[in-house]
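I have placed the structure first, in the form of structure tokens, so that the comments after it can refer back to it.
Every read-out reported here was derived from the displayed coordinates using simple, explicitly stated rules and does not represent laboratory data. These numbers come from a predicted model, not from an experiment. Heads up, the Cβs are rebuilt from the backbone with ideal geometry, glycines too, and the neighbour counts pull from every protein chain shown.
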There are 2 protein chains.
Amino acid sequence: MDSLRLYDFELSGNCHKVRLLLSLLGVEYEPVVIDIRAGATQQPEFLALNPRGQVPVLVAGDEAIWDSMAILAYLARRYGGGRWLPEEPLALARVMQWLAVSENEILYGLARARAVLLLKRPFDLEDCQAMGRSALELLERQLTAQDWLAGGDAPSIADVACYSYVALAPQGGLALEPYPAVRDWLKRIQGLPGYVGMPGIEHS
Amino acid sequence: MDSLRLYDFELSGNCHKVRLLLSLLGVEYEPVVIDIRAGATQQPEFLALNPRGQVPVLVAGDEAIWDSMAILAYLARRYGGGRWLPEEPLALARVMQWLAVSENEILYGLARARAVLLLKRPFDLEDCQAMGRSALELLERQLTAQDWLAGGDAPSIADVACYSYVALAPQGGLALEPYPAVRDWLKRIQGLPGYVGMPGIEHS
């Protein structure tokens, strides 16, 4: 079996998603710490792995896979059987819907609001928070009706992809108190065997 | 076989992606025209289909699938065999990488720049154009090395997902002349059997 190397930054929620799935799957890997604040992702050696200049990057054997969503899909398909990413068309579509939410309302809302407050990034905080609230309302509605985002009785990579920046929402100035179904879902994920947290995620 | 209904808006690039794949796959469907400018996506009947209040929505039998990326994955898996969305982990990851680009640099760069100029949406045009240029540079680099975004000798849903807003980039004030490999790729897609365009996409 190929070795796995993860180019990783501890405070990145996108990296945390990957660390979380690796741990839930019980897959061993070698972490390579990259400090994005020091510009390491803009160096030529790193850009050769990922032309977007972002962590995470997973190197599996000789292949570099960039983008957290792509890495989650790779790991799920390679190590998780059909459990984390189903192959049946409708079940797959249900997972993809929430991967899309993780790349849109959650990333451009919740994650960016956090980046403004934590990393002084130059986004409009109110706009990001408004988009972040729309993400939380969407999740609250879905998770009132079912335990896991894509349905069924087990989590999928949709839950992993949405988890990190939702759990980190308070760092972006968005309290989770108004969203009880979301808070119950966070606890369900935190109770999964192999769960790992990260700095900034509170566990109640 | 279930009937397919597509809630569709002609000027939406996200809807065009779905119309394009349906046509490339030779799959029949019933279009339901929704005028997003008239607020039709914010009506209760529509929100019951898609709580995000966005087109496209595909209704397959009794199931409503929202989000263009999820719909592309559904159609590829249901009607396309492994051709448009492979199951092998690394090949799947290569498709997912470019789906992520379609949801990030392309949507928040190219599509938003177009939305500012065409629909008077209140985004920062310069920021959107800068992100749009980063998308075009990323694509140019990839398509200089290979014919299709995810590799191999045939297109995947990654090409379909990235196509529409790249082809529409001039409407966002971004010329395609500096990107010859991107322009060749647009022509390759336009030459596929079943290709359909949309208003605003120029065919040379």
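List of remarks:
- Subset of A:17/B:187; B:17/B:120; A:17/A:120 violating a 30 Å alpha-carbon distance limit: A:17/B:187
- Euclidean distance between Cα centres, segment B:69-99 to segment A:21-75, Å: 21 Å
- Neighbour cut-off at most 13 other Cβ (10 Å), DSSP loop, trypsin sites (Lys or Arg not before Pro), segment A:97-163: A:120
- Here is the tail figure for segment A:89-190: Cα pairs spaced more than 19 Å apart come to 37 percent of all pairs.
- Among A:164, A:134, A:102, the largest mean-square fluctuation in a Gaussian network model of chain A, built with springs joining Cα atoms closer than 10 Å, belongs to A:134.
- Within a Gaussian network of chain B (alpha carbon springs, distance under 10 Å), most fluctuating of B:58, B:117, B:85: B:117
- For residue A:178, net neighbour charge (Lys/Arg +1, Asp/Glu -1) across residues whose Cβ lies under 13 Å away: 0
- Volume in Å³ per residue [convex hull over Cα atoms, computed for the protein assembly as shown]: 138 Å³
- Taking GluC sites (Glu not before Pro) as exposed when DSSP calls them loop and at most 16 other C-beta atoms lie within 10 angstrom, chain B has its longest site-free stretch at B:88-201.
- For chain B: rounded, prolate or oblate by the Cα gyration tensor [a/c cutoff 1.5]: oblate
- Cβ-Cβ FRET estimate between residue A:120 and residue A:2, R0 fixed at 51 Å, reported to 0.05: 0.85
- Surrounding net charge for residue A:100, when Lys and Arg each add one and Asp and Glu each subtract one, Cβ distance under 10 Å: -3
- Ordered by the count of other Cβ atoms within 10 Å of each Cβ, fewest first, B:157, B:34 give B:34, B:157.
- Segment A:62-141: C-alpha gyration tensor shape, a/c 1.5 cut-off, then a/b vs b/c: oblate
- Ordering A:8, A:159 from the fewest to the most neighbouring beta carbons within 10 Å gives A:8, A:159.
- Label-zone membership for segment A:56-95, site residue A:37, 7 angstrom Cα→C-beta point, backbone N under 17 Å: none
- Convex hull projection area averaged over all views, segment A:4-79, Cα basis, nm²: 4.5 nm²
- Cut-off 11 Å between beta-carbons: net charge of the residues surrounding residue A:29, Lys and Arg +1, Asp and Glu -1: -2
- With the helix formula -39500 (n - 2.57) applied to DSSP H stretches of n ≥ 4, chain B reaches a computed 222 nm mean residue ellipticity of -15000 deg cm²/dmol.
- Fewest-first sequence of B:67, A:147 by Cβ atoms within 10 Å of each Cβ: A:147, B:67
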